[in-house]
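Below: the structure, in structure tokens.
The values are calculated or read from the model by the stated rules, or taken from the named source; none is laboratory data. These numbers come from a predicted model, not from an experiment. Glycine also receives a Cβ, built like all others from the backbone with ideal geometry; neighbour counts cover every protein chain displayed.
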Amino acid sequence: MYDVRSKNPEEFINHEEILETLSYAEANKHNVELIDQIIAKAKERKGLSHREAAVLLDCDIEEKNEEIYALAEQIKKDFYGNRIVMFAPLYLSNYCVNGCTYCPYHLKNKHIARKKLTQEEVRQEVIALQDLGHKRLALEAGEDPVNNPIEYILECIDTIYSIKHKNGEIRRVNVNIAATTVENYRKLKEAGIGTYILFQETYHKKSYLELHPTGPKHDYDYHTTAMDRAMEAGIDDVGIGVLFGLDKYRYEFAGLLMHAEHLEAAYGVGPHTISVPRLCPADDIDTNDFDNGINDDIFAKLVACIRIAVPYTGMIVSTRESQKSRERVLHLGISQISGGSKTSVGGYAEPEPEEENSAQFDLSDTRSLDDIVKWLMEMGYIPSFCTACYREGRTGDRFMSLCKSGQIQNCCQPNALMTLKEYLTDYASPATKEVGEKLILKELEQIPNENVRAIVIDHLRAIEEENR
Ligand code: SAM
């Protein structure tokens, strides 16, 4: 039986329900009448069920697909404007006791350099990230209860929030660490984390068990219920995702949306973000061993259909994707991207010598943050370093209800412009600054309310005069 509220993962990610959904989608992929009905429902901007969204994903009628892409683009504009939130990953430790067959951190990999940052090294990394202009981090670590216990992660978070350097300050620390206990999630909440992120990797239980043959991550049920424990502990911003390439994308898509439906039904708040990583080449990993890779067209369709199905959920794309691929999906629904990323442990303060490779995977987009900011602005996007919602306590259902009502935009656009101005004043190259100043002037004209515009202009002037 399929019970969306159940705490049992066999129920809320019900295998039979996914198989039925996929047959239903396959049978209806040319059903124009049904597709039109689903598109009409999607236009109400209240989202779609996994079944409805699966039909759109399978639809291969060119004209309807154009409508789907156009709607995804419009929904993206309505909910997020032209803002793109910027962040960087910070790798704390690559010690790991798991045996994940696709990840170079796996225990049996003896040629990857194992590293764990000391608190002094965390400081150096964070100062290097602040000097680039970052305000928002995603902490990454392997799973190793001896080398990276929760106390270590908490100590790193404390260190990070305490570092003030020039105008730099990390204002939001998101955390991507292995599934853990309610008690540990409570500790993370108390430490002031932003989003707790955990990728399901695959929702297909049989594949999951094969892909995670050893270590604590082998426990599919424990991994799949991680967000339930995080919610129980009071973390209301959670980020989900799958690693595309491990299993069939249609199955993952249905599983991902069912997971979102479960969180919404059981806790009144869906996922804060959805990430869409694709499997990358990495040390000791042969991507040819995985034959479920998806091409750029399917990737774009997935992004568009997720955008339509969960309009109020942020979507993240990392530097695993190339500039070209990112360019294609940005307007279809992505709201957050990383920039200037390093996936090695300690890679920001000092470039890692080649013989010491500790990186998690090979990046496709290796451009600097400055280049990425300029590139975004040249395409008309506002790179945003804003963390105001989190700092004002607008998380979980408070954030979601604002977002669903479309209200979030009224404060987001001015905040994004001000944080961009801070970036341009403190960190940008002259060429990026020039592009940015023009963009800010253009964007100011679009603020309809004169009073709001005057306040923003005042604040922008204060930033320039170093009066923050
Ligand atoms: N250790 C934590 C866990 O067990 O979830 C998370 C940290 S891990 C550094 C972050 C993510 O990297 C994983 O969840 C996985 O999806 C992704 N990853 C692992 N190997 C990868 C590869 N070869 N290519 C792309 N992403 C990969």
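Residue by residue through segment 273-292, note down the ones that are of a type in the set (S, T, N, Q) and either assigned to a loop (DSSP other than H, G, I, E, B) or more than 9 Å from the ligand (Cβ to nearest atom) (or both). Working first, answer last.
Residues of segment 273-292 of a type in the set (S, T, N, Q): 273, 275, 287-288, 292.
Listed by number, the residues that qualify are Thr273, Asn288, Asn292.
Applying the condition of being within 15 Å of the ligand (Cβ to nearest atom), of a type in the set (A, V, I, L, M, F, W, C) and in contact with a Ser or Thr (Cβ under 9 Å, 6 or more places away or on another chain) to segment 293-330 and asking which residue is nearest to Ala113 (Cα to Cα) yields Val317. In segment 169-192, the qualifying residues are those that are in a helix (DSSP H, G or I) and away from the ligand (no atom under 16 Å from the Cβ), and the one that is surrounded by the fewest Cβ atoms within 10 Å (Cβ to Cβ) is Glu183. Which helices (runs of 4 or more DSSP H) sit wholly inside segment 3-50 and have at least 2 residues that are under 30 Å from Ala226 (Cβ atoms)? Result: 9-12, 15-27.
Restricted to segment 253-272, and to residues there that are among the small types (Gly, Ala, Ser) and outside any helix (DSSP H, G or I), the residue that is farthest from the ligand (Cβ to nearest atom) is Gly268.
Each row is one residue, and each column tells you yes or no for (1) farther than 30 Å from Thr432 by Cβ; (2) surrounded by 23 or more Cβ atoms within 10 Å (Cβ to Cβ).
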residue	(1), (2)
Asn28	yes, no
Ala54	yes, yes
Gln119	yes, no
Leu129	no, yes
Gly133	no, yes
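Among the residues of segment 207-236, write down those that are modelled with pLDDT of 95 or more and within 21 Å of Arg172 (Cα to Cα).
Selection gives Met227, Ala230, Met231, Ala233, Gly234, Ile235.
Kindly check whether there is at least one residue in segment 160-168 that is in a helix (DSSP H, G or I) and within 15 Å of the ligand (Cβ to nearest atom). For segment 160-168, residues in a helix (DSSP H, G or I) and within 15 Å of the ligand (Cβ to nearest atom): absent. As a summary of the residue check, Pro89 satisfies the conditions (1) closer than 20 Å to Pro277 by Cα; (2) within 16 Å of the ligand (Cβ to nearest atom); (3) in contact with a Leu (Cβ under 6 Å, 6 or more places away or on another chain) except for the one numbered (3).
Taken together, Lys108, Lys77, Lys64 contain a single residue that is more than 16 Å from the ligand (Cβ to nearest atom), modelled with pLDDT under 95 and not β-branched (Val, Ile, Thr), which is Lys77.
Of all residues in segment 193-252, exactly one satisfies the criterion of being surrounded by 23 or more Cβ atoms within 10 Å (Cβ to Cβ), acidic (Asp, Glu) and more than 14 Å from the ligand (Cβ to nearest atom), namely Asp237.
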